[in-house]
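The next block holds one structure in the form of structure tokens; read it before the comments.
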Amino acid sequence: MGFTAGFDHQKAARKLRLLAMATLVMGVLNVTPDSFSDGGRWTDPGRAVDRGLAMVAEGADVVDVGGESTRPGARPVDDAEQCRRVLPVIGALAPHVRVSVDTRSAMVAEAAIEAGATLVNDVSASLWPVAVAAGGSVGWVAMHMQGEPATMQLDPRYGDVVGEVRAFLVERADAARDAGVGEVWIDPGIGFGKTLEHNLALLRSLAVLVGTGLPVAVGTSRKGFLGALGGGATPDDRLEGSLATAVWAATQGVAMVRAHDVAATVGAMTLVGDLTAAAS
Ligand code: HH2
């Protein structure tokens, strides 16, 4: 017998994944000319929306729309240009999927919320007042970065990278929660002012962040440290490393992974969720 007409398979699959405690997948959609991995691919708004809808079909729980690259060496993009890039895309995707806006600008975040975004993905970890102003309907992701994208990889230094990143994120999360933000995520910011050793220490110690009780998000997808580990010379060659680190994160209790290769990542997360459920 065929599927029942009108049955929402995607919704049912998501419910099953939640029951199996599968890690959420945030699909990356950079509407930029210069992002390190997908730069220039989605600058046309129509193509960007199509890619976002394809991610929804592939099972993304959130689509993260960004108009400014924060790769090492990147220069800031002004608010008007970020808005021009992201707002039409957010408006078109928001009826279909939860949309986050990847920005460091309060003004861009506010406009994105107006257009339908319900999550502020903030690599500056400073925009919680925007979520407060939007009321209870908007969540906030606080990511750790040492320095600024233009110079952050020149000479990153820590005494105790795990302890310092944890303390910073907990302090920011407490400030946001005290101000009234109900949904606060923390993210160690893999590759943001970190050497290979710093990234590996943070990935090894994800359980320390999970132990804060805050939901943890992690983005390793196609990043340079995977290449340094022998996992692919170019971003497009780093699928195995991206999946391996996403699976590792899921087994450590991370609640959401940020990924370019959504279908493969959803498949891997579903499998981990099934294994976790079967084991418990
Ligand atoms: N990484 C990037 C951008 N935003 N947000 C969170 N929460 N965590 C991350 O690890 C993270 C992030 C960098 O990746 P990408 O968006 O693909 O590249 P670019 O900054 O060049 O646009």
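The values are calculated or read from the model by the stated rules, or taken from the named source; none is laboratory data. Since this is a predicted model, take the numbers as computed values, not measurements. Positions of Cβ are backbone-derived with ideal geometry, glycine not excepted, and every protein chain shown enters the neighbour counts. Surface areas here come from the heavy atoms of the whole protein model, side chains and all, with no ligands, DNA or RNA. Shrake-Rupley method; radii C 1.70, N 1.55, O 1.52, S 1.80 Å.
Given +1 on the Cβ of Lys and Arg, -1 on the Cβ of Asp and Glu, and no further charges, what dipole in debye does the range 131-216 carry about its Cα centre, rounded to the nearest 20? Walk me through the numbers on the way to the answer.
Numbers: 6 positive and 10 negative charges, 29 e Å.
The calculation lands at about 140 debye.
Run through the DSSP bridge list for the chain and note the antiparallel percent, rounded to the nearest 5.
On the way: 0 of 29 bridges.
Here the share of antiparallel DSSP bridges comes out near 0 percent.
Using +1 on the beta carbon of Lys and Arg, -1 on that of Asp and Glu, and nothing else charged, what's the dipole of the range 25-72 about the Cα centre, debye to 20?
Working: 4 positive and 8 negative charges, 20 e Å.
So the magnitude is around 100 debye.
Could you order Val162, Val108 so the one with the most accessible surface comes first? Probe is 1.4 Å. Walk me through the intermediate numbers first.
Numbers: Val162 25, Val108 0 Å².
Sorted by accessible area, descending: Val162, Val108.
In Å and whole numbers, how far do the C-alpha atoms of the chain stretch along each principal axis, longest first?
Answer, in whole Å and largest first: 62, 46, 43 Å.
Based only on Cα atoms, what Rg/Rh ratio does the range 187-246 have, Rh being taken as Kirkwood's radius? Each step should come with its number before you reach the end.
Numbers: Rg = 11.6 Å, Rh = 11.8 Å.
Checking Rg against Rh, the ratio lands at 0.98.
Which Cα, out of Leu93, Ala74, Phe192, lies furthest along the positive dipole direction of the chain (beta carbon charges, K/R +1, D/E -1)?
About the Cα centre, the residue reaching furthest to the positive side is Leu93.
Which of Ala207, Ala233, Ala268 moves most in a GNM of the chain, Cα contacts under 10 Å?
Ala233
At a Förster distance of 25 Å, what's the computed FRET efficiency of Ala150 paired with Glu183, Cβ-Cβ distance as r, to 0.05? Could you put the intermediate results ahead of the total?
Details: r = 30 Å, r/R0 = 1.22.
That pair, Ala150 with Glu183, gives E of 0.25.
Express the carbon and sulfur contribution to the solvent-accessible surface of the chain as a percent, rounded to the nearest whole number, probe 1.4 angstrom. Intermediate results must be reported in sequence, preceding the final value.
Details: 7060 of 12120 Å².
Reported share for carbon and sulfur atoms: 58 percent.
Which residue, His96, His198, His144, has the most motion in a Gaussian network model of the chain that connects Cα atoms within less than 10 Å?
With Cα springs under 10 Å in the chain, the top fluctuation among His96, His198, His144 is at His96.
Looking at the range 151-280, I'd like the Rg to Rh ratio, where Rg is from alpha-carbon atoms and Rh is Kirkwood's inverse mean 1/r.
On the way: Rg = 15.2 Å, Rh = 15.5 Å.
Over the Cα atoms of the range 151-280, Rg/Rh equals 0.98.
Which one of Ala228, Thr245, His144 is farthest out on the positive end of the charge dipole of the chain, using unit charges on Cβ (Lys, Arg +1; Asp, Glu -1) and the Cα centre as origin?
The residue sitting farthest along the positive end of the dipole is Thr245.
Which Cα, out of Gly213, Ala277, Ala22, lies furthest along the positive dipole direction of the chain (beta carbon charges, K/R +1, D/E -1)?
Ala277
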